[in-house]
Amino acid sequence: MKNLASLLTDLPEKLPITADAPVLNAQVTSVTSDSREVIQGSVFVAITGETKDGNLFIDVAEKNGALIIIGEETPQHKLSVPFIKINNARQALAALASSFYGNPTKGLTTVGITGTSGKTTTSYLIESILTAAGYQVGVIGTINFRFGRKVLQSTHTTPGPVELQKLFSQMKNEGCDAIVMEVSSHALRHHRADFVNFDAVAFTNLSPEHMDFHQDMNDYFEAKWRLFKDCLEMSIRAGKRPFAAINGDDEYGRKILERLRANVAPEIWHASFGLANEMDINGTQLNIGVQGISGEAGGVKLKSPLSGKFNAMNILTAVAVAQGLGIDSGTISKGLSALKSVPGRLEKVPNTKGITILVDYAHKPDALEKVLKTLAEVKGNNRLITVFGCGGDRDRQKRPRMGKLAAEHSDRVFVTSDNPRTEDPNAIISEILEGMTGFSNYEAELDRKKAIYAAIKMAKAGDIVLIAGKGHEDYQIVADPSSPDRTQKIHFDDREVAAEALVAV
């Protein structure tokens, strides 16, 4: 536990601090931006969020025993505790959280993965390689947070800075010596990943997503760029020499490469990867099919049960990162072959009817298109039957685009409900159907269970049934006006429903 004076020395902005010696020598009990979590001795950081303004809760924090309050706006009334005005409260929170928990990533091999698609599968691949190399690995991502024998429910793809640094500390105390984490654009924009000391980072790709959060694609890209500029510069100041693996097949990946090669951050060494021959690590020698991927890339002989071009790209990402960390080719090969599947990522539902039933998390246009194209290429004379919907209270622009993609690449489509949240699921389906004008190979079925049953009943031996959008999720989020956030979670697992349908139909 640190005293206040030592904690404040790690603030990114070196500001004059006026406080009595007893306060500066006091032990800090916690760092938080939630006034409800303030206890005697807490440092409270007032943050203006998307829905709530922390400045409105300074009185609550003071009453609950805050030792000091930090924020961007000077309080309107005199406080009984010191106040520090700072230019960037979110970044201050990240710095204080890292310091409070002892800067845990300085002593951990830390890998960050960002991009629109592929982050989760790539994290599993890198975890498997690091495990083969003898590391004890902790993982922070969309599906869960896991380390040792502990598996915790994921709150966000990338949690807030206090929760994040606490997780790092717990992982380190449990014996982890390596961390693999997914880094979202929200996290980068809100400085959640600041003061995480990365040894390696990777960029998978960028396509339209989160357009309800970002102004446009350039804004989305610049948020991702922070991982390769600001975050890695912080890692360098912490004494690390980070490596960056960049998808050179992607237009935004090429932008990152151009910036790195222009010596924006000369201490950052990097490599490109992709299916094209000119990439540093390329996939020209890979055999890619629905049953698996084999061949050689970057001098690594590999054989993986994962399928499709998009998984080949995920494998190339993992190879590039592993080589950047100095892991030998034999170990990389061993790690890649050890990973048999990823929950909710083209996850097969076993059956004896000869139908290939796949559950996939594809919930955005780019991911859905990649999955559909992969399956369309291998279905032969058989049919591809797709079940999908779109989530409520999220980017509405993608709905007609996804409808059109599904109709274009599938033989039959069942448009259904996903996680409608507070929206009318019928209205969501109507917006999806706008993109399917001119097609006749679809039908709408509001009840997701009925849609899955109908798709499997229609399927014959050799056909492929893709159930997309929810993947590993074992719940559905629906409207509930009586709850505080007007939603509730009900149990719903596409894999379970598909298994039930195989017996029932």
Checklist entry - What do you reckon, is Asn381 farther than 18 Å from Ala499 by Cα, exposed (fewer than 15 other Cβ atoms within 10 Å of the Cβ) and not assigned by TED's automatic domain parsing to the domain that holds Thr157? => result yes
Item to check | Residue within the stretch 462-474 that is within 25 Å of the chain's Cα centre (by Cα), closer than 30 Å to His156 by Cβ and either among the basic types (Lys, Arg) or surrounded by fewer than 17 Cβ atoms within 10 Å (Cβ to Cβ) (or both) present | outcome: yes
Checklist entry - With respect to the numbered conditions (1) closer than 30 Å to Pro365 by Cβ; (2) in the same structural domain as Ala322 (by TED's automatic domain parsing); (3) of a type in the set (S, T, N, Q), which one is the sole condition not fulfilled by Thr109? => result (1)
Next on the checklist: Go through the stretch 462-505 and report how many residues are part of a loop (DSSP other than H, G, I, E, B) and closer than 26 Å to Ser341 by Cα.
Outcome noted: 10
Checklist entry - Can you name the helices (runs of 4 or more DSSP H) wholly within the stretch 220-328 that have at least 1 residues being closer than 28 Å to Lys379 by Cβ and among the aromatic types (Phe, Trp, Tyr)? => result 309-324
Checklist outcome for this item: Output for Cβ contacts, cut-off 6 Å, separation at least six or different chains, first residue within 11 Å of Ile268 (Cα to Cα) in the stretch 221-244, second of a type in the set (Phe, Trp, Tyr) and assigned to a helix (DSSP H, G or I), reads Ala244/Phe228
Checklist entry - Consider Ile293 against the criteria (1) within 30 Å of Gly462 (Cβ to Cβ); (2) without any contact (Cβ under 8 Å) to a residue 24 or more places away in the chain; (3) of a type outside the set (Asp, Glu); (4) surrounded by fewer than 23 Cβ atoms within 10 Å (Cβ to Cβ): it satisfies all of them except one. Which criterion is unmet? => result (4)
Next on the checklist: If I filter the stretch 495-502 for residues that are over 12 Å from Phe388 (Cβ atoms), touching a strand residue (DSSP E or B) at 6+ places or on another chain (Cβ under 8 Å), surrounded by fewer than 17 Cβ atoms within 10 Å (Cβ to Cβ) and modelled with pLDDT of 95 or more, do I get at least one hit?
Outcome noted: no
Next on the checklist: Looking only at the stretch 437-461, count every residue that is surrounded by fewer than 23 Cβ atoms within 10 Å (Cβ to Cβ) and outside any helix (DSSP H, G or I) and tell me the total.
Outcome noted: 13
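Please state which one of Thr114, Thr105, Thr131 is β-branched (Val, Ile, Thr) and surrounded by fewer than 24 Cβ atoms within 10 Å (Cβ to Cβ).
On the way: Thr114 fails: surrounded by fewer than 24 Cβ atoms within 10 Å (Cβ to Cβ); Thr105 fails: surrounded by fewer than 24 Cβ atoms within 10 Å (Cβ to Cβ).
Every option except Thr131 fails the conditions.
Given the options Pro159, Pro208, name the one that is assigned by TED's automatic domain parsing to the domain that holds Lys229, farther than 25 Å from Leu257 by Cβ and surrounded by fewer than 24 Cβ atoms within 10 Å (Cβ to Cβ). Quick ask: steps written out before the conclusion?
Details: Pro208 fails: farther than 25 Å from Leu257 by Cβ.
Only one candidate qualifies: Pro159.
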Next on the checklist: Can you pull out every residue in the stretch 475-490 that is surrounded by 14 or more Cβ atoms within 10 Å (Cβ to Cβ) and among the aliphatic types (A, V, I, L, M)?
Outcome noted: Ile477, Val478, Ala479
Checklist entry - Just one of the numbered conditions (1) in contact (Cβ under 8 Å) with a residue 60 or more places away in the chain; (2) part of a helix (DSSP H, G or I) is not true of Leu167; which one? => result (1)
Checklist outcome for this item: Restricting the stretch 359-410 to residues that are among the β-branched types (Val, Ile, Thr) and touching a strand residue (DSSP E or B) at 6+ places or on another chain (Cβ under 6 Å), the one nearest to Met217 (Cα to Cα) turns out to be Val371
Checklist outcome for this item: The condition of being modelled with pLDDT of 95 or more, over 26 Å from Asp280 (Cβ atoms) and touching a strand residue (DSSP E or B) at 6+ places or on another chain (Cβ under 8 Å) holds, among Val180, Val201, Val162, Val196, only for Val162
Checklist entry - Any idea which of Ile429, Ile464 is hydrophobic (A, V, I, L, M, F, W, C) and either in contact (Cβ under 8 Å) with a residue 60 or more places away in the chain or touching a Pro at 6+ places or on another chain (Cβ under 8 Å) (or both)? => result Ile464
Item to check | Whichever residue in the stretch 339-365 is charged (D, E, K, R) and crowded, with 21+ Cβ neighbours inside 10 Å and, among such residues, is farthest from the chain's Cα centre (by Cα) | outcome: Asp360
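The values are calculated or read from the model by the stated rules, or taken from the named source; none is laboratory data. Note that this is a predicted model, so its numbers are computed, not measured. Ideal geometry is used to build each Cβ from the backbone, glycine not excepted, and the neighbour counts take in all protein chains shown.
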